[in-house]
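This report refers to the structure that appears directly beneath it.
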Amino acid sequence: MSETVNTYTIKDDGGTGTVKIAAEVVTVIASYAATEVKGVASIAGGITNNMVARKGIKSLSKGCKVNVEEGRIAVDLAVSLNYGYSIPEVGAQVQEKVKSAIENMTGMEVTNVNVRIADIVSPPEA
């Protein structure tokens, strides 16, 4: 049994072929970029920076949704923040980091990065 995977063409030069990207890959890029921002504890669902690449796509779908229409990407993220960080500042940093990462890696335009703060958690004990 094979699953249908949504893919999007990001390059088609007509000569050497096409380059396509799966929507799930854009989800991983967005999730990983978000977890690199200082103050972000995890993507909603408990996915941390170290777990993004290992957990698989199904785990990420709880906290990150990507919508691609006509070569433009809209991202909805739910994140957990560490206690003591400024919500507006961290939210803005997440938006910028996710937008930059997706645009640099895919060449596609990011129109929206919507960040929802799902939880505040205590930072790990030192």
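The values are calculated or read from the model by the stated rules, or taken from the named source; none is laboratory data. Please read these numbers as outputs of a predicted model, since none were measured by experiment. We place every Cβ from the backbone using ideal geometry, glycine too, and count neighbours over all the protein chains shown.
Numerical summary
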read-out: Number of positions in region 104-116 that are in contact with a strand residue (DSSP E or B) (Cβ under 6 Å, 6 or more places away or on another chain) and closer than 20 Å to Ile43 by Cβ; value: 7
read-out: Which numbered condition Glu109 fails, given (1) without any contact (Cβ under 8 Å) to a residue 60 or more places away in the chain; (2) more than 23 Å from Val19 (Cβ to Cβ); value: (2)
read-out: Output for region 86-126, where each listed residue is in a loop (DSSP other than H, G, I, E, B) and at pLDDT below 95; value: Gly107, Met108, Ser122, Pro123, Pro124, Glu125, Ala126
read-out: Wholly within region 1-78, helices (runs of 4 or more DSSP H) carrying at least 1 residues that are farther than 13 Å from Lys99 by Cα and modelled with pLDDT of 85 or more; value: 23-35
read-out: Total residues in region 60-109, condition crowded, with 16+ Cβ neighbours inside 10 Å and of a type in the set (Phe, Trp, Tyr); value: 1
